Amino acid sequence: MQDTITRVNQFRSEARTCGTTQFPAAAALSWNTKLDAAAARQSRDMVAKNFFDHTGSDGSTVGVRVTDAGYAWSGVAENIAAGQTSVASAMNSWQLSEGHCRNLMGASYKNVALACVRGTSSNAYPFYWTMVLATP
């Protein structure tokens, strides 16, 4: 958890360009256990059903999962990754992707959580990552 918070907040602490959009430095985020539950639900689901998508196997969206976890949100975003073997490599992938970078730099977000679930030998990837960013 601390490594994630440190990496996310370090990235947000400087102005960034995501694709063609300039973002000013953004305020630090804090960890939220309800978002952690929503992120873990998606990563566990991707492992259990051997898929990689923002839509859950039950048709749920990130907003539904966050609401189900008890977080009353006004803004929410999700970054997913598969295969990366560390927080650093997952973050690097997201930083290099325009849409994921935009999520990371979203000034309105106040909270974050990240879940990683190890795949099994029958999964397409060894690890499944889900990051949820939200604002109440």
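The table for this structure:
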read-out: Selection from the range 26-39 of residues that are open to solvent by 20 Å² or more (accessible area, probe 1.4 Å), in a helix (DSSP H, G or I) and not hydroxyl-bearing (Ser, Thr, Tyr); value: Lys34, Asp36, Ala37
read-out: Residue check, Met46 under 17 Å from Phe127 (Cα atoms) and either surrounded by 15 or more Cβ atoms within 10 Å (Cβ to Cβ) or in contact (Cβ under 8 Å) with a residue 40 or more places away in the chain (or both); value: yes
read-out: Verdict on Leu104 being in a strand (DSSP E or B) and either of a type outside the set (Ser, Thr, Tyr) or closer than 23 Å to Thr6 by Cβ (or both); value: no
read-out: Residue count, the range 125-136 (criterion: farther than 17 Å from Asp53 by Cα and surrounded by fewer than 24 Cβ atoms within 10 Å (Cβ to Cβ)); value: 2
read-out: Count of the range 115-124 residues which are open to solvent by 20 Å² or more (accessible area, probe 1.4 Å) and in contact with a strand residue (DSSP E or B) (Cβ under 8 Å, 6 or more places away or on another chain); value: 4
read-out: Selection count where residues are farther than 16 Å from Ala81 by Cβ, among the charged types (D, E, K, R) and not in a loop (DSSP other than H, G, I, E, B), scope the range 43-58; value: 1
read-out: Residue match in the range 120-131 (condition: assigned to a helix (DSSP H, G or I), more than 18 Å from Asn9 (Cβ to Cβ) and not aliphatic (A, V, I, L, M)); value: no
read-out: Single residue of the range 92-110 satisfying the filter (in contact with a Ser or Thr (Cβ under 8 Å, 6 or more places away or on another chain) and buried (at least 21 other Cβ atoms within 10 Å of the Cβ)) that is nearest to Gly75 (Cα to Cα); value: Tyr109
read-out: Some residue of the range 14-25 being within 14 Å of Asn111 (Cα to Cα), surrounded by 12 or more Cβ atoms within 10 Å (Cβ to Cβ) and either touching a residue at least 60 places away in the same chain (Cβ under 8 Å) or hydroxyl-bearing (Ser, Thr, Tyr) (or both); value: no
read-out: Single residue of Arg118, Arg102 found to be out of contact with any helix residue (DSSP H, G or I) (no Cβ under 8 Å at 6 or more places or on another chain) and of a type in the set (D, E, K, R); value: Arg102
read-out: Residue in the range 58-88 that is surrounded by the most Cβ atoms within 10 Å (Cβ to Cβ), counting only those that are free of Cβ contacts under 8 Å to residues at least 60 places away in the same chain and under 25 Å from Thr20 (Cβ atoms); value: Asn79
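The values are calculated or read from the model by the stated rules, or taken from the named source; none is laboratory data. Every value quoted in this text rests on a predicted model; they were computed, and no experiment measured them. Quick reminder, even Gly has a Cβ in these numbers, built from the backbone with ideal geometry, and neighbours come from all protein chains shown. SASA here: full protein model, heavy atoms, side chains in, ligands and nucleic acids out. Shrake-Rupley method; radii C 1.70, N 1.55, O 1.52, S 1.80 Å.
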